[in-house]
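Structure record follows, encoded as structure tokens.
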Amino acid sequence: MAGPMAYRNQFFVGIITGIIVSLIVLGILRSHNGRDDLHTPNFSNLRGLGGSAGDSAAVQMHMDALRKQEIALKNEQSSLQGKRAADPSYAPLPEIEGLLPHHSDNHQEDDTSLADMLYSKVRILCWVMTSPDNLEKKAIHVYKTWAHKCNKLLFISSKENKTFPAPVIRVETEEGREHLTAKTMHAFKYIYDNHFTDADWFMKADDDTFAIMENLRYFLADKNPKDPVYYGHHFKTIVKPQGYYSGGGGYVLSKEALQRFNDKGFHNDAVCREDGGAEDAEFGKCMQNLGVHTAESYDERGASRFHCFNPGTHLHGGYPDWYLQYDSHGAVHGVDKVSDYPITFHYVNPQEMYSLAWYTYHLKVYGHASRAFPKLHEYYVK
């Protein structure tokens, strides 16, 4: 009868045998994992192998199975290569493969050379109507998303602010909707006195307007800033006969229009009302009295560029009743009614500002490239 010492010896022998077998198996597995043409094998059958006398036989059986698996895999690969050689549908597409980017090549820089050229030639001063209360609520998001792309940028308020990242200019007016006309008149007068030579076009926007400056420059590239003209989202009511432009949808004056405003409009209440009324309508009357005409801004498909609501409204509808009476183009909506090169949208909250900026400047569709090339007016060529 075996004593405790004998059982203890058998126990240690079993442990040592198990360790040796495990090391042998591990070495075999490493050698097979180093082969390039092998898939990772299933080693679940090795579980439970211990230090018994049948360990060597079990390991040998498992290795034989691995060798059979390797042979079967090689045969499968050889058969697949034969099919690819015989059937063109299996062949790769070399004319495309060379063009496809690696999956790691994200966030690639766009080729902005055309937009950069227009930036230097079609110079636009933007002024954004805001208030002291809205500087950090709205205006800062306008600056961060699109307005910094203007050639010259001013925020017009009733109070100066020297800590804001863009100039905040104080004009002589009180805050409130009833004084928006005065704020607009004083803003354009300040711009004429201080920045007339800094730009060829002068755009007014609200602090809930989103604008794509590259598309505005593209639109203006074949326009002459010496013409007495201004552009925007056209309303047909109130100002007769030529109508006027939505203030929130943004409107842009030519150099000649601003010159006429300074020479004959400002502080001439018979021509340009100094305060009161609806700001955009009163400014429309001012332009009409000065001989500054409205002009078509729809694209060659008849789709709109300037918009007085957010994108969703112009795409899907839901216009208020007053808009049905005001809009010059029938208050239509739909993806085919909004230009592929839109310029402005209105009633855009800060969160939507960042969403639109991402869609505009970061969203990519691989294989699509813009084919829009501006025709420069001779004014910019000289």
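The values are calculated or read from the model by the stated rules, or taken from the named source; none is laboratory data. If you're wondering where the values come from, they're calculated on a predicted model, not measured in any experiment. Cβ atoms come from the backbone with ideal geometry, glycine included; neighbour counts cover every protein chain shown. For accessibility, only protein heavy atoms count, side chains too; no ligands or nucleic acids. Shrake-Rupley method; radii C 1.70, N 1.55, O 1.52, S 1.80 Å.
Taking Ala331 as the residue in question, decide whether it is on the phi > 0 side of the Ramachandran plot, open to solvent by less than 50 Å² (accessible area, probe 1.4 Å) and either hydrophobic (A, V, I, L, M, F, W, C) or outside any strand (DSSP E or B) (or both). Against the criterion (on the phi > 0 side of the Ramachandran plot, open to solvent by less than 50 Å² (accessible area, probe 1.4 Å) and either hydrophobic (A, V, I, L, M, F, W, C) or outside any strand (DSSP E or B) (or both)), Ala331 qualifies.
Checked against (1) basic (Lys, Arg); (2) open to solvent by less than 60 Å² (accessible area, probe 1.4 Å); (3) in contact with a Cys (Cβ under 9 Å, 6 or more places away or on another chain), Lys285 meets all criteria but (2).
A quick yes/no check of all residues on (1) among the acidic types (Asp, Glu); (2) surrounded by fewer than 16 Cβ atoms within 10 Å (Cβ to Cβ); (3) under 16 Å from Asp206 (Cβ atoms); (4) in contact with a Lys or Arg (Cβ under 6 Å, 6 or more places away or on another chain):
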| position | (1), (2), (3), (4) |
| --- | --- |
| Val142 | no, no, yes, no |
| Trp146 | no, no, yes, no |
| Leu153 | no, no, yes, no |
| Ser157 | no, no, yes, no |
| Lys162 | no, yes, no, no |
| Ala166 | no, no, yes, no |
| Ile169 | no, no, yes, no |
| Glu174 | yes, yes, no, no |
| Arg177 | no, yes, yes, no |
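Checking each residue in the stretch 333-382 for being farther than 20 Å from Ala211 by Cα, touching a helix residue (DSSP H, G or I) at 6+ places or on another chain (Cβ under 9 Å) and of a type in the set (A, V, I, L, M) picks out Leu376, Val381.
Residue pairs whose Cβ atoms lie under 8 Å apart, sitting 6 or more positions apart in sequence or on different chains, and linking a residue in the stretch 334-362 that is over 10 Å from Thr145 (Cα atoms) and at pLDDT 95 or above to a partner that is surrounded by 13 or more Cβ atoms within 10 Å (Cβ to Cβ) and of a type in the set (Lys, Arg), are Ser339/Arg305; Tyr341/Arg305; Pro342/Arg305; Ile343/Arg305; Thr344/Arg305. Can you pull out the residues in the stretch 337-380 that are closer than 24 Å to Tyr251 by Cβ, surrounded by 10 or more Cβ atoms within 10 Å (Cβ to Cβ) and among the charged types (D, E, K, R)? Across the stretch 337-380, the qualifying residues are Lys337, Asp340, Glu352.
Taking the stated definitions as given, is Lys138 assigned to a helix (DSSP H, G or I), open to solvent by 30 Å² or more (accessible area, probe 1.4 Å) and touching a Pro at 6+ places or on another chain (Cβ under 7 Å)?
Details: assigned to a helix (DSSP H, G or I): yes; open to solvent by 30 Å² or more (accessible area, probe 1.4 Å): yes; touching a Pro at 6+ places or on another chain (Cβ under 7 Å): yes.
For Lys138, the condition - assigned to a helix (DSSP H, G or I), open to solvent by 30 Å² or more (accessible area, probe 1.4 Å) and touching a Pro at 6+ places or on another chain (Cβ under 7 Å) - is met.
What number of residues in the stretch 297-318 are over 20 Å from Asp206 (Cα atoms) and open to solvent by 30 Å² or more (accessible area, probe 1.4 Å)?
Residues of the stretch 297-318 over 20 Å from Asp206 (Cα atoms): 298-303, 315-318.
So of that shortlist, the ones also open to solvent by 30 Å² or more (accessible area, probe 1.4 Å) come out as 298, 300-302, 315-316, 318.
Residues meeting the conditions: 7.
Of all the listed residues (Tyr326, Tyr319), the sole one being out of contact with any strand residue (DSSP E or B) (no Cβ under 6 Å at 6 or more places or on another chain) and either of a type outside the set (Lys, Arg) or more than 26 Å from Arg177 (Cα to Cα) (or both) is Tyr319. Can you tell me which residue is farthest from the chain's Cα centre (by Cα) among those in the stretch 209-247 that are closer than 16 Å to Gln325 by Cβ and surrounded by fewer than 17 Cβ atoms within 10 Å (Cβ to Cβ)? In this case the residue turns out to be Lys240.
Condition check: over 20 Å from Thr130 (Cβ atoms) and of a type in the set (Ser, Thr, Tyr). Does Thr184 satisfy that? Walk me through it before giving the result.
Values: over 20 Å from Thr130 (Cβ atoms): no; of a type in the set (Ser, Thr, Tyr): yes.
Spelling it out, it is not the case that Thr184 is over 20 Å from Thr130 (Cβ atoms) and of a type in the set (Ser, Thr, Tyr).
Pairing each residue of the stretch 231-257 that is within 21 Å of Asp198 (Cα to Cα) and modelled with pLDDT of 95 or more with any residue that is assigned to a strand (DSSP E or B) and open to solvent by 10 Å² or more (accessible area, probe 1.4 Å), provided the two are 6+ apart or on different chains, yields C-beta distances under 8 Å for Tyr231/Thr294; Gly250/Asp206; Tyr251/Tyr231; Val252/Tyr231. In the stretch 108-135, of all residues being in a helix (DSSP H, G or I) and open to solvent by less than 20 Å² (accessible area, probe 1.4 Å), the one that is nearest to Lys375 (Cα to Cα) corresponds to Leu118.
Residue pairs whose Cβ atoms lie under 6 Å apart, separated by 6 or more positions or on different chains, with the first residue in the stretch 199-215 and within 16 Å of Gln259 (Cα to Cα) and modelled with pLDDT of 95 or more and the second open to solvent by 20 Å² or more (accessible area, probe 1.4 Å) and of a type in the set (Lys, Arg), are Ala199/Arg123; Ala199/Lys152; Asp200/Arg123; Asp200/Lys255.
On the given criteria, is Thr197 hydroxyl-bearing (Ser, Thr, Tyr), surrounded by fewer than 14 Cβ atoms within 10 Å (Cβ to Cβ) and closer than 27 Å to Thr294 by Cβ?
Yes, satisfied.
So which residues in the stretch 248-261 are open to solvent by 30 Å² or more (accessible area, probe 1.4 Å) and in contact with a helix residue (DSSP H, G or I) (Cβ under 7 Å, 6 or more places away or on another chain), if there are any at all? Matches in the stretch 248-261: none.
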